[in-house]
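To keep things clear, I will list the structure first and then write my remarks on it.
The values are calculated or read from the model by the stated rules, or taken from the named source; none is laboratory data. Keep in mind the model is a prediction, meaning the values are calculated, not measured. Counting neighbours? That spans all protein chains shown, and the Cβs are built from the backbone with ideal geometry, glycine included.
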Amino acid sequence: MSLFARIAAAIVSLVVLGTLLTSFVVIRIADTELVAARSRDLEAAAAVAETRFVDRVAEVKRTVTFLAGTPPIDGLIRAQSNSGVDPKDGSSDKQWRDRLATIFRELLESQPYYVQARYIGRAEGGRELVRVERHAGDTEIRRTPEKELQGKASEPYFEGTLSLSRGELYVSPINLNRERGAISVPHVPVYRVATPVGAPGAPHFGLIIVNVDARETLSDLGEAGAGQAYVLRPDGHYLLHPDPTRTFGFDLGHAPTGAADLPLVMPVVTEELPLLTVEDEASGRILTARPLFIATGQKPVTLVLTTAYRGLSAAPRLPLLAPVLLIGALSLALGLFATRWLVRPVTKLTKAVDQMTDTGGLAVPRGLAPELQNLAETLEHSIDALRARDRLEASNRELQQFAYLASHDLREPIRTIASYLELLDEDYGELLEGDGQDFIRFMRSSTVRMTTLIDGLLEHARLGSGATAESVDTHELLGEVVADLAASIDAKEATVFLGDELPRLRGYRLELRLLFQNLLSNALKFGREGVAPEVRFEAEARENRTWQFRVTDNGPGIPEDKRDRVFEIFQRLHTREAAEGSGIGLAHCRKIVSLHRGQMWIEDPPGEHGARFCFTLHEVES
Amino acid sequence: MPKLREILLVDDSDADNYFHRRVINKMGCAEAITEKPHGQAAIDYLTTANDAGVYPQPELVFLDINMPVMNGWDFLVAYQNLREEQKAGVVVVMLTTSFDEQDRDRALAFDVVSDHLGKPLRPESLKQVLEAHFPDAIP
C-alpha cells in the first residue's frame, strides 16, 4: 500500500468517522429537541382541551344554577305546600309547571346539545315534576305528559344531588343515554348536571337536572393535538377512542382494555398524577396524560393525547445535517490536499534516488522536512558505503585473481630455470672452476626459494575458495596435526598440551588444519636454543558461537613493535640461516581466522619467555 | 627387457620437451620419442596411417594442458572419439601445479586418462608410471 494511500485512508476514515459521529450527535440532539418540542406542544394541547372541557361543563353548571333561580321553581314549591295554589300570586300548581316547561323548552331550543331538562321532586319516590326532552336523531322537543313521568329516587344522581348543600352542583359521570331503561340507539354519551332546590332554611324540595349530549365535548377533546386522543376512565374503560366501537364498554358489557393499551400512562390513572408525558420507543409516539375532573365525588377521567415523532423527524434533520456534511466534505478535500502535500517530498526523494546514476551522487531535493533531510542523508551515506564496499570487493577479487594467475604463470619459467640449472650442474658442474659451482648452487637455492614463495602466494590466494563449512572438532583436528608432526616433535623433544575446552564448531576443515599446523610448526621451528619447546593450545567460549583460542609457547617471543608485522605476507623475523620459513605461514593464519570472521593478535606470555598467539573463531553459517 | 616402441610428448614448451626427452633417454625405456607442439598436431599425428595402413599408436603419451591451438582438455575430448586402432596405450596428464585439485579431478574424470603428474617429469615419477603400466620396460 503506498504512503499516499495510507495517509489518505487514515484521513478519509477520520473525516468520515468524525462526520458520522457529529451527525449522530446532531441527530440525537435534534431528536431530543424534537421530542421535547412535541411533548410541550402536546402538553399545551392537553391543557387547552382541558380548559375547553371545563368551560363547557361550567357553562352547563351556570345554566343549571340559573334554572334553579327561576320563579317557577319556588312557585311550584309554594303551590305544592299550599294545596296546589300559590299563596303569593294565586297561580296554580299546573300553571307553574307549564311556565317551567316553557323555560325548559326554550332552553333546549337554544342549546342543541342539551338533551333533557327536568324538575324532580323529593316526594313520591323522586317523582319527576316537569320533563322536557329531545329525542336522539329527532329535532322535535317534547314535554313529557304527566302520566308518563317517573320516580327517580333510585337513580345515582338523585341522592348525589340531594346530599349537596343548596347552591352546590352535581355532575354525573358520562355514560350512554338510556330511554326507559334501555340504551338508546344510536349511542349518545351524556352527562347530567344537577343542583338541589327548596325553600330557604327548609330541607331540599327536589332538584333541577339537565342531561347534556357529550358527543361534541368528547369530539372537541378528540381533535386536540395532532395525533390521536383517548379518554380513559379509572376502571380502564374508554370514553373516547379513535375506534368508536371500543368506547363505553362498561355500558355494553365489554372488558376494559385501557391498562393493556396504554401502560405507560397508567400512573396518571392509578396514582392520580397531575401530568405525565412519556416517549414510547416501541411505537415511536409521545403520549401525554392529564386528569379531567368531571363527576362530583369521583376519580377523574384521563385525557391521553399522542403524537408520532418517528418518521416525521427525518425532514427536520436534513437542514441540521447539511452543515455537518459540508464540513465533512471540506475536511475530506483538505485532508487529501494535505496528503498530497505530505507525500510530495517523499515522491521527490524517490525520484531523485531513481535518477541517480551508478557513480553520481544523490541530488537531495531542496526544502525537505528535517526528518526527510536526515533520511536522504542516511540514504546517501548508505549508498556511498555500499559503493565503497562494492569497489573494495571488486578490487579484492581482482587482487586474488591476479595473485592466483601471477603465481600460477610464474611457476612455469621458474620451474624451467630450476630444471636446466639441474642439467647444467649434472652435465657441466664438474667442468666449472673456482666459484662456478657455488654460483650454480646459489642460483638453484634461489629458484627453490622463489618456487616456495610463489607456491605460498598461490596457496594464500586460494585459501577458503571453494571450501564448504562443516562441523569440526578442533581437539580432534589438533590431535591429527600433532600426529602429522610427530617426527618433528620427537626430534625437538617438545611437549604439546591440548586443552579440554577446545570446541567443536562449524568451519573450513582444511583451512583450520593449516592454521593449527602453521602455529604448531612455527612454535617447533622457532624455539630457544637448548630449551625443549612447550606448546599449549587452549580455548574458551565467548557469546554468539564464538571462541577465543590461545596458543602459548616458551620460545624467544616476539618483540612488541614487531607483533603486527608478523602477520603480513613474506615478513620474517628471523634470518634465513636461523630458521627456514617462507614468511607466509602467519599471513595464512590471519586469513584463515578472518575467513571465520575472527581476529588474530599476539599477547604477552604469562611467563618470562615465549609468545602467545590469540585468535577468535566464529562459527560459519551454513 | 622390451623397451617401449614410442612415447609421445604433447607440449608447446621446447625446454620441457627437451628436459622430458632427456629424462626418458636417461632411463632408456623407449626406442622412439615423438614431440607434438599442441593437441591438434597430436590428433593429426595419431589419425595418420603409414603406407601400410598402420596408425602410430604410441604406448605412452605425456599431455600438457596449457597449449596454443588446441589445449590438453580439448585434445582429451577429441581423443575420446578416435577409433580404437588410432588410440594410444596410456595417457598421462601433466599438470603445471601439483596441488590444483580442480584440474586433477577434471583430468581423472576422463576415462582415457590413466594418471596425472606434476611438471617437470622426473626420473622417480617416470619410474612410477612405468611400474604401474609397463613393468617390463623398466631397465
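Among the residues of the stretch A:271-282, the one identified as surrounded by fewer than 13 Cβ atoms within 10 Å (Cβ to Cβ) and not in a loop (DSSP other than H, G, I, E, B) is A:E271.
Could you go through the stretch A:109-125 and let me know if any residue there is out of contact with any helix residue (DSSP H, G or I) (no Cβ under 6 Å at 6 or more places or on another chain), among the hydrophobic types (A, V, I, L, M, F, W, C), surrounded by fewer than 18 Cβ atoms within 10 Å (Cβ to Cβ) and not in a helix (DSSP H, G or I). No, there is no match, as no residue in the stretch A:109-125 is out of contact with any helix residue (DSSP H, G or I) (no Cβ under 6 Å at 6 or more places or on another chain), among the hydrophobic types (A, V, I, L, M, F, W, C), surrounded by fewer than 18 Cβ atoms within 10 Å (Cβ to Cβ) and not in a helix (DSSP H, G or I). Among the residues of the stretch A:430-440, count how many are touching a residue at least 12 places away in the same chain (Cβ under 8 Å) and either among the acidic types (D, E) or under 30 Å from A:L586 (Cβ atoms) (or both). Residues flagged as touching a residue at least 12 places away in the same chain (Cβ under 8 Å) and either among the acidic types (D, E) or under 30 Å from A:L586 (Cβ atoms) (or both) within the stretch A:430-440 amount to 0. For the stretch A:395-404, the condition of being assigned to a helix (DSSP H, G or I) and within 14 Å of chain B (Cβ to nearest Cβ) holds for at least one residue.
Return yes or no: is A:V531 over 60 Å from the mean Cα position of the chain (by Cα), assigned to a strand (DSSP E or B) and within 19 Å of A:P605 (Cα to Cα)? Judged against the criteria, A:V531 is not a match.
Select from the stretch B:32-45 the residues that are buried (at least 22 other Cβ atoms within 10 Å of the Cβ) and aliphatic (A, V, I, L, M) and list them in ascending order. Across the stretch B:32-45, the qualifying residue is only B:A42.
Could you check, for the stretch A:35-48, whether at least one of its residues is of a type in the set (S, T, Y), free of Cβ contacts under 8 Å to residues at least 40 places away in the same chain and touching a strand residue (DSSP E or B) at 6+ places or on another chain (Cβ under 7 Å)? Looking through the stretch A:35-48, none of the residues is of a type in the set (S, T, Y), free of Cβ contacts under 8 Å to residues at least 40 places away in the same chain and touching a strand residue (DSSP E or B) at 6+ places or on another chain (Cβ under 7 Å).
When each of B:P56, B:P2 is tested for being loosely packed, with under 15 Cβ neighbours inside 10 Å and either touching a residue at least 12 places away in the same chain (Cβ under 8 Å) or among the aromatic types (F, W, Y) (or both), the lone residue that passes is B:P2. Residue pairs whose Cβ atoms lie under 8 Å apart, separated by 6 or more positions or on different chains, with the first residue in the stretch A:550-564 and closer than 10 Å to A:E603 by Cα and the second among the β-branched types (V, I, T) and outside any strand (DSSP E or B), are A:I558/A:V566. Return the residues of the stretch A:414-429 that are of a type outside the set (G, A, S) and touching a residue at least 12 places away in the same chain (Cβ under 8 Å); say none if nothing qualifies. Correct list: A:I414, A:R415, A:I417, A:L421, A:E422, A:L424, A:D425.
In the condition set (1) modelled with pLDDT under 90; (2) in a helix (DSSP H, G or I), A:S83 is compliant with all but (2).
Filtering A:E106, A:E43, A:E50, A:E59 for residues that are farther than 30 Å from A:L276 by Cα and assigned to a helix (DSSP H, G or I) leaves a single hit, A:E106.
Restrict the check to the stretch A:248-265 and report whether at least one residue is buried (at least 18 other Cβ atoms within 10 Å of the Cβ), more than 42 Å from the chain's Cα centre (by Cα) and among the small types (G, A, S). The answer is yes, given that some residue of the stretch A:248-265 is buried (at least 18 other Cβ atoms within 10 Å of the Cβ), more than 42 Å from the chain's Cα centre (by Cα) and among the small types (G, A, S). With respect to the conditions (1) buried (at least 18 other Cβ atoms within 10 Å of the Cβ); (2) at pLDDT below 90, A:F104 falls short on a single one, namely (2). Identification of helices (runs of 4 or more DSSP H) wholly contained in the stretch A:215-265 with 1 or more residues that are over 23 Å from A:F53 (Cα atoms) and free of Cβ contacts under 8 Å to residues at least 24 places away in the same chain yields A:258-261.
Can you say whether A:P345 is over 30 Å from A:E59 (Cβ atoms) and either assigned to a helix (DSSP H, G or I) or among the charged types (D, E, K, R) (or both), as far as the supplied structure shows? So A:P345 fits the description; yes. The condition (being touching a helix residue (DSSP H, G or I) at 6+ places or on another chain (Cβ under 9 Å), within 20 Å of A:V60 (Cβ to Cβ), at pLDDT 90 or above and surrounded by 15 or more Cβ atoms within 10 Å (Cβ to Cβ)) is satisfied by just one residue among A:V188, A:V197: A:V197.
Conditions tested, residue by residue: (1) more than 14 Å from chain B (Cβ to nearest Cβ); (2) among the acidic types (D, E); (3) surrounded by 10 or more Cβ atoms within 10 Å (Cβ to Cβ); (4) in contact with a Lys or Arg (Cβ under 7 Å, 6 or more places away or on another chain).
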site: A:V364; (1), (2), (3), (4): yes, no, yes, no
site: A:P370; (1), (2), (3), (4): yes, no, no, no
site: A:E412; (1), (2), (3), (4): no, yes, yes, no
site: A:R415; (1), (2), (3), (4): no, no, yes, yes
site: A:G429; (1), (2), (3), (4): yes, no, yes, no
site: A:G434; (1), (2), (3), (4): yes, no, no, no
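Remark: pairs (first residue in the stretch A:174-185, within 27 Å of A:K299 (Cβ to Cβ); second residue in a loop (DSSP other than H, G, I, E, B) and small (G, A, S); Cβ separation under 6 Å; 6+ apart in sequence or on different chains) = A:I174/A:A214; A:N177/A:S184; A:S184/A:A136.
Tell me, yes or no, whether the stretch B:72-90 has at least one residue that is closer than 23 Å to A:I414 by Cβ and either surrounded by 12 or more Cβ atoms within 10 Å (Cβ to Cβ) or in contact with a strand residue (DSSP E or B) (Cβ under 9 Å, 6 or more places away or on another chain) (or both). Checking the stretch B:72-90: at least one residue is closer than 23 Å to A:I414 by Cβ and either surrounded by 12 or more Cβ atoms within 10 Å (Cβ to Cβ) or in contact with a strand residue (DSSP E or B) (Cβ under 9 Å, 6 or more places away or on another chain) (or both).
May I ask you to verify whether A:R285 is surrounded by 18 or more Cβ atoms within 10 Å (Cβ to Cβ), at pLDDT 80 or above, charged (D, E, K, R) and under 30 Å from A:V171 (Cβ atoms)? Judged against the criteria, A:R285 is not a match. Tell me whether the stretch A:325-335 contains one or more residues that are modelled with pLDDT under 85 and not small (G, A, S). So far as the stretch A:325-335 goes, no, none of its residues is modelled with pLDDT under 85 and not small (G, A, S).
Picking from residues in the stretch B:7-26 that are hydrophobic (A, V, I, L, M, F, W, C) and closer than 18 Å to B:P68 by Cα, the one that is farthest from the other protein chains (Cβ to nearest Cβ) is B:L8. Among the residues of the stretch A:418-427, those identified as more than 9 Å from every other protein chain (Cβ to nearest Cβ) and of a type in the set (A, V, I, L, M, F, W, C) are A:L421, A:L424.
To keep it simple, each residue is scored yes or no on (1) of a type in the set (D, E); (2) surrounded by 17 or more Cβ atoms within 10 Å (Cβ to Cβ); (3) at pLDDT 90 or above.
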| site | (1), (2), (3) |
| --- | --- |
| A:A491 | no, no, yes |
| A:T495 | no, no, yes |
| A:G507 | no, yes, yes |
| A:L512 | no, yes, yes |
| A:R528 | no, no, no |
| A:V531 | no, no, no |
| A:R565 | no, no, no |
| A:H574 | no, no, no |
